[in-house]
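Below: one structure, written as structure tokens.
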Amino acid sequence: MNLTICLVAYSQKFTETVSFYSLLNLTKNLKENINLYIFDNGSEDFSSSHEELDTHSFHSLNYIYNKQKERGTRIAYQSILDVSQDEWLMFLDDDTEISQPYLSKILSEIKKENQGDICAYAPLVFDHEIQISPTASDTLKMINFPKKPGIYSENLTGISSCLVVKSDLLIEIGGLNIEFPLDYLDHWLFWKIFNSNKKVVVINEKINHHLSIQEINQTNDLRFYSIFSSEYHFYKYYKPELLLNLYKKYVRMIIKGILGKEIGPRWKILLKILLERK
């Protein structure tokens, strides 16, 4: 049984990304079980380069340049889901260092029969010494409550990079939610899995990933708006029990911004989000 991997490239040539380099370093017997799709959201189309399209011992290597107006992970995941012939699909950001032990365990797990309600697998994802995924989902302070390896049927969320999901489940739920073209698509997906009465297995393997959202003060205004407007939308429509806590969080951020602390003048963006989404 083969595994489809959707690697989403952004700001650099996909052959120069951390993810592609780590995939190349896998053993040949692992790569032979992988159908790798590169979905390029960058500004330059590399599809005409024969060198980059060498299979590199993968079962197959396919390159798709995004010519659509929508940019982000949703269109990438959906596009590859639409063409994949495999039962399982892995999502992969271009700044994730995937490991051979994790891939080996995944390929072993998806070959098992009678998996019952299990429809997804996730690793322990670290940004340096901090476990950023998976975490509890019943709190806004998710990163303060990392989850251990095990089988979960509730109260779990995480990032989508290295998440392996059953293709049939994604089709059954109607594909990837267009309400979240980039940010909070991963949290919606975990929510949808559990809302469908399915289970997620957290595998005891560590993966390194650079979480850009942790450097919120270094993002531009458009990215800042995307993150927080998606966050607000997610909690308003999918986790309303935490919406009041989110209001309080934003009010604190706005007050500190007015005082020249933390987010500074971008408090106006937060206020705009609150006012336009009531």
* Which members of the stretch 192-216 meet the condition of being charged (D, E, K, R) and modelled with pLDDT under 95? -> Glu215
* Asked: Hey, among the residues in the stretch 106-124 that are over 20 Å from the mean Cα position of the chain (by Cα) and among the small types (Gly, Ala, Ser), which one's modelled with the lowest pLDDT?
  -> Gly116
* Asked: Considering Ser48, Ser22, which residue is in the same structural domain as Tyr152 (by TED's automatic domain parsing) and out of contact with any strand residue (DSSP E or B) (no Cβ under 7 Å at 6 or more places or on another chain)?
  -> Ser48
* So which strands (runs of 3 or more DSSP E) stay within the stretch 24-105 end to end and still have 3 or more residues that are in contact (Cβ under 8 Å) with a residue 60 or more places away in the chain, closer than 25 Å to Asp168 by Cβ and among the hydrophobic types (A, V, I, L, M, F, W, C)? -> 88-93
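Do you know which of the residues in the stretch 226-274 that are among the aromatic types (Phe, Trp, Tyr) and surrounded by fewer than 17 Cβ atoms within 10 Å (Cβ to Cβ) is nearest to Asn155 (Cα to Cα)?
Among residues in the stretch 226-274 that are among the aromatic types (Phe, Trp, Tyr) and surrounded by fewer than 17 Cβ atoms within 10 Å (Cβ to Cβ), the one nearest to Asn155 (Cα to Cα) is Tyr237.
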* **So Ile207, is it closer than 19 Å to Asp94 by Cα, in contact (Cβ under 8 Å) with a residue 40 or more places away in the chain and among the hydrophobic types (A, V, I, L, M, F, W, C)** => yes
* Could you list, in sequence order, all residues of the stretch 220-236 that are in contact with an Asp or Glu (Cβ under 8 Å, 6 or more places away or on another chain) and within 19 Å of Phe190 (Cβ to Cβ)? => Ile227, Ser230, Glu231, His233
* The lone exception for Glu154 - which of (1) assigned to a loop (DSSP other than H, G, I, E, B); (2) crowded, with 22+ Cβ neighbours inside 10 Å it fails -> (2)
* Condition check for Lys239: in the same structural domain as Glu129 (by TED's automatic domain parsing), within 25 Å of Ala122 (Cβ to Cβ), among the basic types (Lys, Arg) and under 24 Å from the mean Cα position of the chain (by Cα) -> no
* Asked: Identify, please: which residue in the stretch 166-195 is acidic (Asp, Glu) and surrounded by fewer than 17 Cβ atoms within 10 Å (Cβ to Cβ) and is, among those, nearest to Phe234 (Cα to Cα)?
  -> Glu179
* Could you say whether any residue in the stretch 228-239 is farther than 26 Å from Pro149 by Cα, part of a loop (DSSP other than H, G, I, E, B) and hydrophobic (A, V, I, L, M, F, W, C)? -> no
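The values are calculated or read from the model by the stated rules, or taken from the named source; none is laboratory data. For clarity, every value in this text was computed on a predicted model and none was experimentally measured. Note: ideal-geometry Cβ built from the backbone for every residue, glycine included; neighbour counts use all protein chains shown.
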